[in-house]
Amino acid sequence: MSTTHTQAPKRLKKRHLALASAVASVAGIFMLGLPLQEVAAKRIELPLEMELSDRAQEWLPSLNQTTASTREKMIDIQGGDTLAAVFERAGVGVGQMYQMLSFLSTEEKKIITDLHPDHKLHFQLDPETDKLLALRLERSPIDSTLITYHKEDQAYQVSDLTREPEYHFAYKEGTIESTLFSAGERAGLTRATMMRLAEIFAWDIDFALDIRPGDTFRVVYREEFVDGYKYRDGDILVAQVTIQGQTYTGIRYQDSQDEIAYYTPEGKSMRKAFLRNPVDFYRISSNFQPERYHPVLGVKRPHRGVDFAASIGTPIKSVGKGKIVSLGWKGGYGRTVVIQHGGQYSTLYAHMSRYQKGLKAGDSVKQGQVIGYVGKSGLVTGPHLHYELRVNGVHKNPRTVELPKAEPIAAAEKTRFLRYSESMMSSIQGYALASQLAQAHAQLMATKGREEQTL
């Protein structure tokens with residue numbers, strides 16, 4: 001006869017209890033006292049862009065449910081769909097479509113016929129006559145255009161529906177092994193959020209060349225929810241990137257004039273007078289050098305710029321605000337744009353495949369504005385951007401030249417900003433500490449499990 005012995009669970013060691021207690025204590029304090037100004041999820045109701053009709057008010061609460069006096073059909077827009085094709089697929093008929101369109105302005109017709117594969121069309125019909133009572137073009141969960149039939153006027157009217165999502169706050173951190181984007185993907189961040197992160201630090205960090213394995217990032221950001229479901233990632237509120245031992249911090253701040261920008265914790269703008277590089281997703285194929293063997297001409301001559309190898313069609317951005325002084329073919333440079341930035345600085349962008357549509361000499365451009373696309377026009381062996389920077393007419397190495405410093409936050413905003421900055425820094429540090437303790441707790445539990453298995 002066999003006897004089964006039940007062993008009482010082993011007690012946690014003192015160090016285990018201490019760490020578990022610390023995790024619970026810090027998490028509790030952090031969640032109760034987190035100084036992040038908007039830590040609680042909340043809904044902000046904004047007024048609609050237009051005064052709504054009675055039927056729009058009826059439809060707005062659910063945006064998807066029918067009422068007792070109507071029936072609804074929803075059609076997913078497919079590639080190549082026209083409004084007429086969708087009406088036919090819905091069984092409504094193009095006759096009602098033409099009747100509806102006859103009441104709309106030219107601009108309203110453009111809006112309702114501009115269909116894309118991620119859109120949906122919702123039809124509300126009279127259950128007895130199949131009369132079209134309302135049509136809603138859903139471009140996204142928060143953006144729709146509603147066309148409603150008014151029986152009294154026997155006419156259709158257009159309203160814009162804008163929903164404000166609920167905001168939840170999230171924290172992610174990661175360690176870079178190869179690229180920033182792959183590290184972000186492992187951390188659970190979308191590519192769009194990682195693009196925003198790269199843009200915040202674009203003036204200080206070259207994410208193609210500066211990063212090393214073991215570099216890290218931390219992000220506190222908003223998540224947007226509609227009807228209880230996550231719609232998308234929202235704005236980054238505060239972010240830190242540590243590159244080769246140096247930590248950079250960017251804080252999103254909305255000033256008293258509702259202007260939004262990112263600043264260092266001390267109040268210096270993250271936006272500098274010039275971007276580090278005019279293209280994303282590249283490699284340096286040739287640096288600035290006094291003398292270089294020209295790959296096409298076969299002779300030695302100075303290379304007074306930096307070559308960024310990239311795929312044909314990669315967007316090229318103006319590194320700073322300025323005016324286009326030249327746009328056209330420029331000998332061995334091929335298709336070239338030259339921009340003057342104030343009195344001292346000018347930049348040149350060569351070997352383009354094409355220019356941005358609509359640009360011409362004399363136009364003003366903003367920092368980061370696309371001016372053209374990578375190509376291989378002129379004397380080249382492969383697609384790349386040749387980029388030059390001149391200071392008072394003298395060529396300088398774009399990667400090493402000293403450029404103007406960032407402007408600090410306005411004096412009138414300084415006190416308010418510093419209070420907010422302190423709050424945001426406490427927040428990201430609190431999140432980081434909670435994350436570290438959670439990881440330590442997980443390791444502790446794993447160790448405890450292994451210890452029990454050996455007993």
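Descriptive notes on the structure:
- Among the residues of the range 315-332, the ones that are of a type outside the set (A, V, I, L, M, F, W, C) and buried (at least 20 other Cβ atoms within 10 Å of the Cβ) come to 4 in all.
- Test: residue in the range 129-150 that is among the β-branched types (V, I, T), touching a Pro at 6+ places or on another chain (Cβ under 7 Å) and either assigned by TED's automatic domain parsing to the domain that holds H116 or under 30 Å from T70 (Cα atoms) (or both): yes
- Residue list for the range 237-268, restricted to those being touching a strand residue (DSSP E or B) at 6+ places or on another chain (Cβ under 7 Å), surrounded by fewer than 18 Cβ atoms within 10 Å (Cβ to Cβ) and part of a strand (DSSP E or B): T242, T247, Y248, Q254, I260, A261, K268
- At least 3 residues being hydrophobic (A, V, I, L, M, F, W, C) is the threshold, and among the strands (runs of 3 or more DSSP E) wholly inside the range 299-399 those reaching it are 306-309, 322-329, 335-341, 345-355, 370-374, 384-391.
- Selection from the range 365-409 of residues that are farther than 14 Å from S285 by Cβ and of a type in the set (D, E, K, R): K366, E388, R390, K396, E402, K405, E407
- Considering the range 166-222, and only residues there that are of a type in the set (D, E, K, R) and closer than 20 Å to K317 by Cβ, the residue that is farthest from the chain's Cα centre (by Cα) turns out to be D210.
- When we screen Q453, Q439, Q443, Q429 for residues that are within 20 Å of L237 (Cβ to Cβ), part of a helix (DSSP H, G or I) and free of Cβ contacts under 8 Å to residues at least 12 places away in the same chain, the only hit is Q429.
- Tally of residues being of a type in the set (A, V, I, L, M, F, W, C) and free of Cβ contacts under 8 Å to residues at least 60 places away in the same chain across the range 367-423: 6
- Only one of the listed residues (V241, V220) is closer than 18 Å to A261 by Cα, touching a residue at least 12 places away in the same chain (Cβ under 8 Å) and in contact with a helix residue (DSSP H, G or I) (Cβ under 7 Å, 6 or more places away or on another chain). That residue is V220.
- Looking only at the range 282-314, and only at residues there that are charged (D, E, K, R) and surrounded by 13 or more Cβ atoms within 10 Å (Cβ to Cβ), the one that is modelled with the lowest pLDDT: R292
- Residue count for the range 209-236, restricted to those that are surrounded by 15 or more Cβ atoms within 10 Å (Cβ to Cβ), more than 12 Å from L197 (Cβ to Cβ) and not β-branched (V, I, T): 9
Conditions tested, residue by residue: (1) at pLDDT below 80; (2) of a type in the set (S, T, Y); (3) within 26 Å of the chain's Cα centre (by Cα).
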| site | (1), (2), (3) |
| --- | --- |
| N392 | no, no, no |
| N397 | no, no, no |
| T415 | no, yes, no |
| A442 | yes, no, no |
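Here is a yes/no grid of residues against (1) more than 22 Å from L275 (Cβ to Cβ); (2) assigned by TED's automatic domain parsing to the domain that holds E259; (3) surrounded by 16 or more Cβ atoms within 10 Å (Cβ to Cβ); (4) out of contact with any Leu (no Cβ under 9 Å at 6 or more places or on another chain):
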site: K360; (1), (2), (3), (4): yes, no, no, no
site: K366; (1), (2), (3), (4): no, no, no, yes
site: I371; (1), (2), (3), (4): no, no, yes, no
site: E388; (1), (2), (3), (4): no, no, yes, no
site: P404; (1), (2), (3), (4): no, no, no, yes
site: I428; (1), (2), (3), (4): yes, yes, yes, no
site: Q436; (1), (2), (3), (4): yes, yes, no, yes
site: Q453; (1), (2), (3), (4): yes, no, no, yes
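- Test set (1) over 30 Å from the mean Cα position of the chain (by Cα); (2) charged (D, E, K, R); (3) modelled with pLDDT under 95; (4) crowded, with 17+ Cβ neighbours inside 10 Å - R335 fails condition number: (3)
- The condition of being modelled with pLDDT under 90 and either touching a Ser or Thr at 6+ places or on another chain (Cβ under 9 Å) or on the phi > 0 side of the Ramachandran plot (or both) holds for only one of A432, A406, that being A406.
- Among the residues listed as E185, E164, the single one being more than 23 Å from I284 (Cα to Cα) and free of Cβ contacts under 8 Å to residues at least 12 places away in the same chain: E185
Conditions tested, residue by residue: (1) under 21 Å from G91 (Cα atoms); (2) modelled with pLDDT under 90.
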position	(1), (2)
F123	yes, no
K131	yes, no
L137	yes, no
Q154	no, yes
E173	no, no
R186	no, no
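The values are calculated or read from the model by the stated rules, or taken from the named source; none is laboratory data. Source: prediction; values computed, not measured. Cβ: placed from backbone, ideal geometry, glycine included. Neighbour counts: every protein chain shown.
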